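For reference, the structure discussed in these notes is given below.
The values are calculated or read from the model by the stated rules, or taken from the named source; none is laboratory data. Keep in mind the model is a prediction, meaning the values are calculated, not measured. For neighbour counting, all protein chains shown are included, and Cβ atoms are generated from backbone atoms with ideal geometry for every residue, glycine included. Accessible surface is based on the protein model in full, side chains and every heavy atom, while ligands, DNA and RNA are left aside. Shrake-Rupley method; radii C 1.70, N 1.55, O 1.52, S 1.80 Å.
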Amino acid sequence: AVNSASVLSNSPGINIIDTYEIDNSYRFISIPVQAGYLLIDRKFGLTLLGGVSNDLFINKSVDSDNSGFQEFDSGEGISRYNLSALMGTELGYQLGKHYIIALTPQIRQAINTTTISGEDVRPTFFEVGFRFKYLLK
């Protein structure tokens, strides 16, 4: 019987390495503009939301737990401004006359490409937010 690991390790041009994790992070400042339609207006409320978000790129970082991996922060190849469409809901609970706490699950879809090179990259995200609101009644 032939051990496949020994055959691969003795083959020219093939290196076997240990696995390790890589953390690839993108940081943005997001300025959303949304409008909603209130479907249920009781103690528990439900609102449908739609809108756009202006996303300003801050930086990209790549980190690893491998000591041989070179970590870096960069913004190379990424557009500094991106416009995204937003669609979601707001599930709220009214606390007294003026306060509401809410969960806001939503989908974010990039409208324009996120790269400078012109490659068509339009990421889609699922987000869940938390809101604490004060009503001016």
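Assorted remarks:
- A single member of 89, 114 is surrounded by 14 or more Cβ atoms within 10 Å (Cβ to Cβ), in contact (Cβ under 8 Å) with a residue 24 or more places away in the chain, touching a Leu at 6+ places or on another chain (Cβ under 7 Å) and on the phi < 0 side of the Ramachandran plot, and it is 89.
- Among (1) surrounded by fewer than 12 Cβ atoms within 10 Å (Cβ to Cβ); (2) touching a residue at least 12 places away in the same chain (Cβ under 8 Å), the one test that residue 82 misses: (1)
- Filter pass, residue 35 being at pLDDT below 85 and farther than 29 Å from residue 63 by Cβ: no
- Applying a threshold of 7 Å to beta carbon distances and a minimum spacing of six or more residues, or different chains, the list of pairs starting in the stretch 125-137 at a residue that is among the hydroxyl-bearing types (Ser, Thr, Tyr) and ending at one that is part of a strand (DSSP E or B) reads 134/99.
- Of all residues in the stretch 94-111, those being open to solvent by 30 Å² or more (accessible area, probe 1.4 Å), of a type in the set (Ser, Thr, Tyr) and under 25 Å from residue 125 (Cα atoms) number 0.
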